[in-house]
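The values are calculated or read from the model by the stated rules, or taken from the named source; none is laboratory data. Note that the structure is a prediction, hence the values are computed from the model and not measured. A quick note on method: Cβ atoms are made from the backbone with ideal geometry, for glycine too, and the neighbour counts reach across all protein chains shown. Calculation scope for accessible area: heavy atoms of the full protein, side chains included, ligands and nucleic acids excluded. Shrake-Rupley method; radii C 1.70, N 1.55, O 1.52, S 1.80 Å.
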Amino acid sequence: MKPRNVRLFVKPYCDWCQEARDWLDERGIPHEVIDVISDPAARAEMHELSGQTLAPVIEVDGEVLADFDTGQLKAFWEKLEH
């Protein structure tokens with residue numbers, strides 16, 4: 001199954017957030033980037049989804065991975081594709 005709806009909650013100047021964006025971009029994975037610093041509603045949604053305020057948080061078709069590095073993102077993505 002190919003994931004359809006990918007949302008990446010980020011904070012500006014967050015290195016892990018930028019690495020996650022780069023990882024998705026390098027693989028041509030379309031995604032929506034949501035800045036949780038400039039948007040309080042997005043920050044609240046990220047907290048509701050993940051139970052925390054740390055970024056990045058990715059939500060893919062209802063599955064959530066929070067406060068991750070690219071190694072964890074790769075494993076999460078591979079699980080979603082099978």
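Figures for the structure shown
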| read-out | value |
| --- | --- |
| Candidates A41, A66, A20: whichever shows maximal mean-square fluctuation once the chain is modelled as a Gaussian network with Cα springs under 10 Å | A41 |
| Percent carbon-and-sulfur accessible area, the chain, ignoring ligands, DNA and RNA, probe 1.4 Å | 49 |
| Value at 222 nm in deg cm²/dmol, rounded to 500, when DSSP H runs of n ≥ 4 in the chain each add -39,500 (n - 2.57) | -13000 deg cm²/dmol |
| Solvent-free Debye scattering, log10 I(q)/I(0), computed from the Cα coordinates of the chain at q = 0.15, 0.21 Å⁻¹ | -0.46, -0.93 |
| Assigned charges on the beta-carbon of Lys, Arg, Asp, Glu; segment 20-82 dipole about Cα centre (debye) | 120 |
